[in-house]
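Read through the structure below, which is laid out as structure tokens, and then see the notes.
The values are calculated or read from the model by the stated rules, or taken from the named source; none is laboratory data. Owing to the predicted nature of the structure, the values given are computational and were not obtained by experimental measurement. A quick note on method: Cβ atoms are made from the backbone with ideal geometry, for glycine too, and the neighbour counts reach across all protein chains shown.
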Amino acid sequence: MTLRRHRWLAACGLAAAASITAAGCSSNSSGSASAGGSTGSSGGTYTLTAGVLHAFTGQNAFFGLNAQNSCKAAAEEINKAGGIMGHPLTCSDFDTKGDPADAVPVTNRMLVSASHLVMVVGPDGSDIPSVLPVLEQAKVPELNTVGDPRYDTQTSQDFWRLTPSDSTQAPALAYYAYHQGFTKIAEVFTSDLSAQTTTTPFQNTFGKLGGTIVKSLTISPDVSSYQTEVAQVLAAHPQAIVGEMDSQTAATFLSEMRQLHGSLVPVIMTQRAIQGDWEPAVGPAIGVPTLAKDVTAIAPALQASGTAFTTFSSAMTAIKANPFQAKNPFVAATYDGVIALALAMDMAKSVDPGTFVADIPKVTASSAGGTVVNTYAEGVAALKAGKTIQYVGAAGAMIFNQYGTANRPYAQWGYSSDAHKWIMGATLPVNAGL
Amino acid sequence: MSPAIQSYAATLLVYLGVNAIACWGLNLQFGIGGVMNFAFILYQAMGAYITAVLTLPAATTQADQRYILGLHLPWPLPLAGAAVSGAALALAVGSFALRPRRRDFQATVMLVVSIIAATLVTTEQGWFNGNQGLFGIPQPFAGTLSLGITGYDWFFVAVTLGLALLTLAFTGLLTSAPWARRLRAMRENAEAAESLGVHVRAESLKVYVTGGAIAAVSGGLLVEFIGAWSPAAWGTGETFIFFVAIIIGGLGNNFGAFFGAFLVLGVFLELPTYLPQLSDANVEESLQSAAIGVLILAFLWWRPQGIFPERKRNLSRAIPAGARAVAVAEAAGTVPDSRNEQPRQREPDSHAAAAGTLSVRDLSRGFGGVQAVDGLSFDLAPGQVTGLIGPNGAGKSTALKLIAGAIAPSSGKVLVDGVNVAGWPAHKVARLGVIRTFQHTSEFGRLTVLENLLTAAPGQPGDSFGGALLGRRHARARQQELLARAWALLADFQLTAAADSYAGQLSGGQRRLVEIMRALMAQPRILLLDEPMAGVNPALRLVIEEHLQRLRDGGLTMLMVEHELGSVERVCDSVIVMAQGRVLATGTMAELRRNEEVLSAYLAG
Amino acid sequence: MSQVVLSLGFGLVTASILALGAVGFTLQFGVTNLFNLAFGENMTVAAFVAYLARVSLHWNMWLAVAAGALSGAVLSLLIGRLIYQPFLRRGTSQFAMVMVTVAVSFILKNVLQIFSGATFYSYQLPPESPIRFLGMVFDARQLTIIALAVVSLLGLHLLFRYTRIGKAMRATSDNGELARSVGIPTDRIISATWLLSGLLAGLAGVALAIDLGSFASTTGGSYLLLIVAAAVFGSVGEPYGAVLGALVIGIASEVAANYNPQLKDVVAFAILVLVLLVRPEGLRGGRVQLRGEVTV
């Protein structure tokens, strides 16, 4: 029985391997292999690639779209100033479909097909564990904005986190709530979030500050009705509700609260609320005026003005990005990241990731006698003049700690019904609540 | 070839291997056993999870990985653990999901389980670490072998190939055993299989558990390759991709399953990424998924058996040509001449064991407000043919079903050789030698005629899961015996030419004969015939009648429900008339024809 | 205690929506003997049609609900006649049929996604003042949903009891062959069933979308889990049983949430498992014999 089938299996396997070998050999000459390959001194003005490795489909698609435009805007800026040592930068998209198992072949494909891959924007948090080892093998650095605190002590040279870890989020939340005068609050988090990063640090900080949590609830996400839970929360008479919910959960929960109570109790959400899918779901469900009046989000701060920000804004406009994205701190941070890496390449005078990675902290750290630059063009000019630079971009200073995370300060964000976007308010002190 | 390309190639091959193993598991469950496992992805995820947990070394600083046992078991123990966990989960789910008799009902329940599990996994932090999953899972032998990165990738490909071949050999062993025949029979017609002694629920559970273990191993292998486990990788929709793969590739055919894995999971999902993007990524993805839906419909319409259909098993080749010829000659020498009344040359049909006795006492069963059978009592004369007639709605078929155990009575007794079998499941009653034929032909369509017959024979080594594992040689001797017996039957009924034809492709009359022969292969003590003459042409009717008479002469007790009163008169030694769920009268046809009550019942009903 | 009474009220709302869906699903099964796993998508389409009516055409909500319900009926009939029936006529087996319904659900969901993307939509209804009643709190919209469910179910009951078509449906549901042999035009009855169950799917879909506050292309599909649980509880094919199942599940989930909000997910599932272990034919089983083959 099986001999015939074994032969088939072996034949197919060999055929597959043979065809891929043939493909590899024939396409090798076009310089498609890039990992650890080409150095800056290769002849010709070839294009460098930044791979955008994200889910462009599924429920996390908005992260992908953010990354896509961050990269494009940065590339626009970089190329306007003459590229990286004369080489233009282009962004190539690779869809991981939000599936960590699918992400690995996609990463492999990226490594094979992207010409002169110098950096990767992404991937999503759920894909990092499976993708990072592959990228490390190829020695390509990646830029991400994931919040997972497990990376607070990671040691990979290729992992660069541009926004703060969630472990700083909950204390900032508590700090803000308390200093707004809400001393009796209800905390509501969804059960798919790790308690380590939400409930526990929040309770600790809030308690230390002197506040009381009158009701603590963990709700299941995406259920069809939360009326009982809402009733429980309201029965405890909190001054505000603090927590995190995804867009669908928030839409249902908050609209039911509005129905039951007549209006909303002040709501303070984490940075999840300023992500692209939240407001379109919650706004219509509770009414935009209510969203503007009662909901606040605590998210990383953004430089609201100055050269860096205007350059960023105009770049976003030039690539026809969604205007909402131009005010998103994560988009700004990623844009800054790409520019910082480009400057690192300029400083190291090399496009070989193995070489320039060491210069990334050097172009972002503050130093005595260093020049602060706010745009790529400024940075290139200063480097040419032999100066030490610190790039402070649209999202503010980006100081990487020893574990590759840039812990930035948070700010309070409110929704503007006229401008139809989240507007940043006051910035919280650095390490608020910690 | 650059390392990046090698890495890519190796990744694709590993994924192909993993998917092939998964497809073989699903093929066993669905292609062979007919169990529609809509929770398939759950088992793959379970295996992956357990493999991760068993492989991870003790947690150091990561507080959220507190579920880690820190066992850091050496390979291949984590995979063995995965197999066990997949089997255990399948056992738990199967215990309730396989309770309904209808397979689409079972499938729906499994789908619900899959959805609920997906939710629980992301919300039960303590066990699964929510959306974040497990990471940093060390690859097998990674530390000990010094092969370099690319070298290790190819090593893993070799490991995958090894496991794939092992799985293929294992499933091949199972699918060539008599056990697989029972599974296929179950797939074709569960009710008929049950009536021949196959414990459908138990066998379904066994095939479910086995498939679950295989799926778990495939998941474990994948996780060992990518080093991370996340709930997002095991969405409910993934199950259907596997179903599409085996439906397109070919149900019931291991090569088809492999091909389906290659085509659907390899080509269809990887190739479009090379095509230029026409529009928004979300739209493209939705188009792709909608296209898969259309593809399923297209295949189910035009080629439901897939590109590589299940291979036919031509068992007649196992019977020596000489023996075949002898049997045909013997039967030919005694073809009945319907015009002369000479007694038969051959022995009375010795298919039956000693005549069984059947008594029914106050048997009752209602549906809604209607009493189909209402206090039915009679005794069957052993070794005789008793007819059961009556107007429509009298409850005759229901009575047969109650006796055979297909329906449970609400009260009353059914005594088979003194044992009260009322309420016993059909397969248990069948084991006592009570075999029922069906009103609508119930042959196993995609099994050959010989296989149909062989399924019915009880006590074949190799017709259980354990027996199957012992290999074909173990079952060969008995199989030869049975084939000889089956061939003799076919010769008797003059159907040897159809021995290796699929039963579903025969004419209506031939299928009826197959059903009868099949019942006889089960060596019944009591044969319950439910309208055997229905839809049968007059010539064939006489043939069947003749066979029934010979069986009676051989000592087989028979109860025949029939509307063809001519047949009843010719064949039956005595007749019971039922009306309104109970016995109205008994006697010979001649007596009953004179009975006033009987006549009026027929006119009224 | 007052919290429990409160959640009882919420449970009634959930149960009303669930009842509409479960009865539609089980009715379809009873007459056509088909497990239609595309039922959830049927609901989603109706929710979208109501959205278009309300937000694009600016109809009032009542008309939008009617539009949604009607679209559900029409879609159900189209799918039944153009896809399911031809497959059934061909003699497609029971389990192949369930694959067909899954394929249809794939197609519907993804076509919706092509047009709607992954975004959430909402009818943007203004908030209303709460109405307190026996310790329970409702708003006018929720009371309307409950009333809609009650009226629809009552209408169904009258249909089954007193109209010819309703009685014919019951007969076909109980024993299709017998019904056919007695001259019931089963073809017409089946079409009527598709229309009716599609209507219920439409009502349930729109009501669900209203209750949730916002919906997307995946909303109906995820609701199928609850519908199946309710239908199985009351015995599949039995409309009255489905109502009972909806009540039990709807109220139990809300009351359980009082003790632990995460129990909500699990209640429906636990009930389903319990029923299958203890009494697989459901509460009103024995009344309807689950037939072996699928009828046309």
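Among the residues making up segment C:42-93, those that are within 30 Å of B:L251 (Cα to Cα) and aromatic (F, W, Y) are C:Y84, C:F87.
Condition check: at the interface with chain B (Cβ under 10 Å from one of its Cβ atoms), at pLDDT below 90, surrounded by fewer than 24 Cβ atoms within 10 Å (Cβ to Cβ) and not in a helix (DSSP H, G or I). Does A:G125 satisfy that? Yes, satisfied. Within the set A:R150, A:R161, the sole residue that is modelled with pLDDT under 90 and surrounded by 24 or more Cβ atoms within 10 Å (Cβ to Cβ) turns out to be A:R150.
Counting the residues of segment A:72-101 that are within 8 Å of chain B (Cβ to nearest Cβ) and at pLDDT below 90 gives 6. Being at pLDDT below 70 and either assigned to a strand (DSSP E or B) or more than 15 Å from the chain's Cα centre (by Cα) (or both) narrows it down to one residue among A:A17, A:A50; which is it? The unique qualifying residue is A:A17. Only one of the listed residues (A:F330, A:F324) is aromatic (F, W, Y) and buried (at least 20 other Cβ atoms within 10 Å of the Cβ). That residue is A:F330. Within segment B:82-102, the residues that satisfy the criterion of being in contact with a Gly (Cβ under 9 Å, 6 or more places away or on another chain), in contact (Cβ under 8 Å) with a residue 60 or more places away in the chain and of a type outside the set (A, V, I, L, M) are B:S85, B:G86, B:G94, B:R101. When segment C:23-44 is filtered for residues that are under 17 Å from C:M169 (Cα atoms) and within 12 Å of the chain's Cα centre (by Cα), the ones remaining, listed by number, are C:V23, C:G24, C:F25, C:T26, C:L27, C:Q28, C:F29.
All of (1) more than 14 Å from chain C (Cβ to nearest Cβ); (2) of a type in the set (A, V, I, L, M, F, W, C); (3) over 18 Å from A:T183 (Cα atoms) hold for A:A240 with one exception: (3).
Scanning segment B:248-283 for residues that are in contact (Cβ under 8 Å) with a residue 60 or more places away in the chain, surrounded by fewer than 21 Cβ atoms within 10 Å (Cβ to Cβ) and hydrophobic (A, V, I, L, M, F, W, C) yields a count of 1. Of all the residues in segment C:202-240, those that are more than 13 Å from every other protein chain (Cβ to nearest Cβ) and assigned to a helix (DSSP H, G or I) number 4.
Filter segment B:23-77 down to the residues that are at pLDDT below 95 and among the hydroxyl-bearing types (S, T, Y) and list them by number. Listed by number, the residues that qualify are B:Y49, B:T51, B:T55, B:T60, B:T61, B:Y67. For segment B:448-455, the condition holds for at least one residue, the condition being that it is among the β-branched types (V, I, T), farther than 22 Å from B:L556 by Cα, touching a residue at least 12 places away in the same chain (Cβ under 8 Å) and not assigned by TED's automatic domain parsing to the domain that holds B:E203.
Any residue that is at positive phi and away from chain C (no Cβ under 11 Å) - is there at least one of those in segment B:297-306? Checked segment B:297-306: at least one residue is at positive phi and away from chain C (no Cβ under 11 Å).
Exactly one residue among A:T311, A:T296, A:T317 is assigned to a strand (DSSP E or B), surrounded by fewer than 24 Cβ atoms within 10 Å (Cβ to Cβ) and among the β-branched types (V, I, T), and that residue is A:T296. Scanning segment C:104-134 for residues that are among the hydroxyl-bearing types (S, T, Y) and more than 9 Å from chain B (Cβ to nearest Cβ) returns C:S116, C:T119, C:Y121, C:S122, C:Y123, C:S129.
Scanning segment A:135-147 for residues that are modelled with pLDDT of 90 or more and assigned to a helix (DSSP H, G or I) gives a single hit, A:L135. Scanning segment A:200-211 for residues that are in contact (Cβ under 8 Å) with a residue 12 or more places away in the chain and within 15 Å of A:H179 (Cβ to Cβ) gives A:F202, A:T205, A:F206, A:L209, A:G210, A:G211. Taking the numbered list (1) in the same structural domain as B:A107 (by TED's automatic domain parsing); (2) assigned to a helix (DSSP H, G or I) in turn, B:G197 passes all entries but (2). Looking across segment A:128-139, just one residue is surrounded by 24 or more Cβ atoms within 10 Å (Cβ to Cβ) and more than 10 Å from every other protein chain (Cβ to nearest Cβ), and that is A:L135. Considering only residues of segment B:283-296 that are of a type in the set (A, V, I, L, M, F, W, C) and closer than 17 Å to C:F115 by Cα, which is nearest to the other protein chains (Cβ to nearest Cβ)? Across segment B:283-296, the extreme among qualifying residues is B:A290.
Within segment A:57-71, one or more residues are at pLDDT 50 or above and away from every other protein chain (no Cβ under 14 Å). Checking each residue in segment B:507-540 for being farther than 25 Å from B:V198 by Cα and buried (at least 19 other Cβ atoms within 10 Å of the Cβ) picks out B:M533, B:V536.
Within segment A:383-420, being part of a loop (DSSP other than H, G, I, E, B) and touching a residue at least 60 places away in the same chain (Cβ under 8 Å) holds for A:A394, A:A395, A:M398, A:Y403, A:G404, A:N407, A:R408, A:P409, A:S417, A:H420. Can you find a residue in segment B:392-413 that is part of a strand (DSSP E or B) and of a type in the set (A, V, I, L, M)? Looking through segment B:392-413, none of the residues is part of a strand (DSSP E or B) and of a type in the set (A, V, I, L, M). Scanning segment B:141-180 for residues that are within 9 Å of another protein chain (Cβ to nearest Cβ) and under 30 Å from B:E203 (Cβ atoms), which turns out surrounded by the fewest Cβ atoms within 10 Å (Cβ to Cβ)? Ranking the qualifying residues of segment B:141-180, first place goes to B:A169. Restricting the search to strands (runs of 3 or more DSSP E) fully inside segment A:182-283 and requiring at least 3 residues that are modelled with pLDDT of 90 or more, closer than 27 Å to A:K421 by Cα and not aromatic (F, W, Y) gives A:184-190, A:240-244, A:267-269. B:E191 meets each of the listed conditions (1) over 30 Å from B:G466 (Cα atoms); (2) surrounded by fewer than 22 Cβ atoms within 10 Å (Cβ to Cβ) apart from (1).
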